[in-house]
Amino acid sequence: MDTNHLLIFSDLLYSLYTSNDAEGINHDLLSYLRMLIPSPYASLLTADPDAPRFTFNGVYCDPADFTAAEQKYIDNYEDDEIQWMLHSKVSTVLRESDLLKNESRLHSAIYEKCYRPYHIYDTLQMSIVYERKFLGVITLFHTREDPPFSEDDMTLLKSLDKHLNFIYGRLLLKAPDTFPANSASAVRTTERADALIEKAALTRREAEIVRLVMKALPNAQIREQLHITDNTLQKHMQNIYRKFHISSR
């Protein structure tokens, strides 16, 4: 990995661990992946692990106009010859061309229905699995004009699996952090929050939000805990930023 790719990889991890909403995480993940492994299209399909039967519940694509292809895939995924990956209990990285011959891949029902209009030639995929629950699949797509996915590409994607399994497990299952703060650090965080709140002369509601933000709760959980709308939370956050002379969380 050269210096530029190393910096992009570092920025990706920082973005994943500091974003506080699903949309932001999904957007940054696909955008950075396309820089690390140049691909004309990338997608993330998320699944509902608690549904009585296998169910996709989210489609995210970069660029967005590729969404139509992935919506068709969801409608027809049972025709996919490697759909077994969607039922795996462990995170898996695979290159489709390693499993299926060209004649099979490029003349399959799923290819004709979903990917022929985009001239897709090969895919690199990784499943996201947390505590043996399938949460989604990331796919990078290449056309005939693109260079083949390399072993380095597969290794790079594999190096993200523990991070993504943890992040999406926490995000989609509301799982507790794997590395919780100990009681001493929790006390220090509370004391620091109290000092900041007093210094900035925050309102009662702003103070509640700051305490939750400093516990690293995502916006969705803050809204749920305080029973407020996203618009209300954003207004409070803007006031907090102004009082602290900052521009973001």
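A few remarks follow.
- Phi to ³J(HN,Hα) by Karplus 6.51 cos²θ - 1.76 cosθ + 1.60 over the range 97-108, Hz, x for Gly, Pro: 5, 6, 9, 10, 5, 3, 4, 6, 5, 8, 10, 7
- Accessible area of the chain divided out per residue, in Å², using a probe of 1.4 angstrom: 55
- Among the listed pairs 133/215; 162/235; 158/235, those beyond 31 Å (Cα-Cα): 162/235; 158/235
- Accessible area (Å², 1.4 Å probe, nearest 10) - residue 122: 20
- Against the criterion of solvent-accessible heavy-atom surface with a 1.4 angstrom probe, 61, 114 sort, most first, into 61, 114.
- Cross-link reach list, aspartates and glutamates versus residue 243, counting only Cα pairs under 13 Å and skipping chain neighbours closer than eight places: 198, 206
- Only DSSP H runs of four or more residues enter the estimate; each adds -39500 (n - 2.57), and after division by the residues of the chain the mean residue ellipticity at 222 nm equals -14500 deg cm²/dmol.
- Entry for log10 I(q)/I(0) by the Debye sum over Cα atoms at q = 0.10, 0.13, 0.15 Å⁻¹ (calculated from the structure that is shown) out of [x] -0.58, -0.89, -1.08; [y] -0.55, -0.93, -1.21; [z] -0.53, -0.86, -1.11: [x]
- Per residue, the convex hull spanned by the alpha carbons of the range 1-110 comes to 138 Å³.
- Working note: Karplus 6.51/-1.76/1.60 with θ = phi - 60° gives the range 155-160 the couplings 5, 4, 5, 4, 5, 8 Hz, where Gly and Pro are set to x.
- Note on surface exposure: 31, 15 rank 31, 15 by accessible area, highest first, 1.4 Å probe.
- Accessible surface of the range 35-127 [probe 1.4 Å, protein heavy atoms]: carbon and sulfur percent: 51
- Distances between placed amide hydrogens fall under 5 Å for residue 41 paired with 141, all partners being 5 or more residues away or on another chain.
The values are calculated or read from the model by the stated rules, or taken from the named source; none is laboratory data. Remember, predicted model here, so these are calculated numbers, not experimental data. Only protein heavy atoms, including side chains, enter the accessible area calculation; ligands, DNA and RNA are left aside. Shrake-Rupley method; radii C 1.70, N 1.55, O 1.52, S 1.80 Å.
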